[in-house]
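Below is one structure, written out as structure tokens; comments come after it.
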Amino acid sequence: MSSGNSVQVEVVLGFLEEAESWRLLSPQFPSKVGGKPAWLSQTGLPALTELVCEMCGLPMAFLLQVYAPISGQDRSFHRTLFLFCCKSQECYTSNDSRCMKVFRSQLPRRNEFYPYDPPAEDEPPSDPEPDQSVLSVSGVKLCWVCGCPGNKACSRCHAVTYCGKHHQTLHWKHTHKRECGSQEASIVSVSTFLFPESELVTEPEEEEEKKEAEAEEEEEGSVDCPSLADTLAETDLEDMAMHETEDNKVFQRFKKRIAPEPHQVLRYSRGGSPLWVSSQHIPSDQDIPPCTCGAKRTFEFQVMPQLLNSLCVDSTGASIDWGTLAIYACSASCNHGDQYCPEFIWKQDFSSDQHTQMTPT
């Protein structure tokens, strides 16, 4: 989607909220951040070779999933997009998306995995799903550490499986060395590889706030975003107001648009346009490859930089990083049998000056 796209489509904002663990399991069709993926289709999971970073070759971590069914289209009555990312800071070079992957899974309403009627929303299931760390889904064993397909078993207890040597070694050093063969191993071990888990709850972006932000773009003078005080340094805002470069104009527009809801971590707008953080590295139509079915890919949602503050990734001063992540998916939401379909992600980074201004103080 080009920078000139001006399609007006409703924007739905995503926020993090704590939730009971049963609400984040596959039968509840969750949108969530962190933890292990709550796989939608229980077959056709991405291959291990698809879930490694293209830059360093290490397994990627599950970042988030968005439940996004398409109304009136039975083949995508249930539809979820899954986003994975590398946890190696060295792979986050400027504007390079190869350290991330996104997959789409969808099912008709009548399918072999879930009831025809929606799950109850106000009470947990009478027989909660067991810990998925030790489960297989439709015969596919899952890695204890990351929840992705993994059939490499511990050679001592044969009870725990992994996606590969890297996660087997990580788990052994962390807890499994002392738990191997014990009954406690199936219930107490927690993976340090995973991001903190939260539910993604949504609400529409208020039209009044949108209009106000757009009106403010036309105003001259210094920038004042008091609601972003936790994220943006006020002195940096004053300095930036002195520079009227195109890049700064785009960045100011970004900040003013998110100011009414500074804690938003996701913006969903299928067929709409991303809210860019910079005038640089914005994809043209030719930059967004079509789906393997031949249909054009269109913008679906973006991940905001505010999410990084909740992932506990910057304790050492160097971390994974992005300005925004724009996800593009098949406009036809085509079927690929029972396979998870790769979609396209575009990572746009801050400029060095903007990065300083978005760093919490």
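Some notes on this structure:
Each row is one residue, and each column tells you yes or no for (1) open to solvent by 40 Å² or more (accessible area, probe 1.4 Å); (2) touching a residue at least 40 places away in the same chain (Cβ under 8 Å).
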residue: Glu10; (1), (2): yes, yes
residue: Leu24; (1), (2): no, yes
residue: Phe29; (1), (2): no, yes
residue: Glu50; (1), (2): yes, yes
residue: Phe62; (1), (2): no, yes
residue: Asp74; (1), (2): yes, no
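- The number of residues in segment 300-335 being in a strand (DSSP E or B), touching a residue at least 40 places away in the same chain (Cβ under 8 Å) and either of a type outside the set (Val, Ile, Thr) or under 24 Å from Glu18 (Cα atoms) (or both) comes to 9.
- Filtered by the rule that a residue be among the hydrophobic types (A, V, I, L, M, F, W, C), under 22 Å from Asp122 (Cα atoms) and part of a loop (DSSP other than H, G, I, E, B), segment 40-76 gives Leu40, Ala68.
- Just one of the listed residues (Arg297, Arg257) is under 19 Å from Leu83 (Cα atoms), free of Cβ contacts under 8 Å to residues at least 60 places away in the same chain and surrounded by 14 or more Cβ atoms within 10 Å (Cβ to Cβ), and it is Arg297.
- Taken over segment 244-277, residues that are touching a Cys at 6+ places or on another chain (Cβ under 6 Å) and outside any helix (DSSP H, G or I) amount to 1.
- Residues (more than 13 Å from Leu24 (Cα to Cα), open to solvent by 60 Å² or more (accessible area, probe 1.4 Å) and modelled with pLDDT of 75 or more) located in segment 112-146: Glu112, Pro115, Tyr116, Asp117, Pro118, Asp122, Lys141
Residues checked against (1) modelled with pLDDT of 95 or more; (2) surrounded by fewer than 22 Cβ atoms within 10 Å (Cβ to Cβ):
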{"residue": "Pro59", "(1), (2)": "no, no"}
{"residue": "Gln65", "(1), (2)": "yes, no"}
{"residue": "Pro69", "(1), (2)": "yes, yes"}
{"residue": "Lys87", "(1), (2)": "no, yes"}
{"residue": "Cys91", "(1), (2)": "no, yes"}
{"residue": "Asn95", "(1), (2)": "no, yes"}
{"residue": "Val102", "(1), (2)": "yes, no"}
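The values are calculated or read from the model by the stated rules, or taken from the named source; none is laboratory data. All of these numbers come straight from a predicted model, not from anything done at the bench. Positions of Cβ are backbone-derived with ideal geometry, glycine not excepted, and every protein chain shown enters the neighbour counts. Side chains included, ligands, DNA and RNA excluded: accessible areas come from the protein's heavy atoms. Shrake-Rupley method; radii C 1.70, N 1.55, O 1.52, S 1.80 Å.
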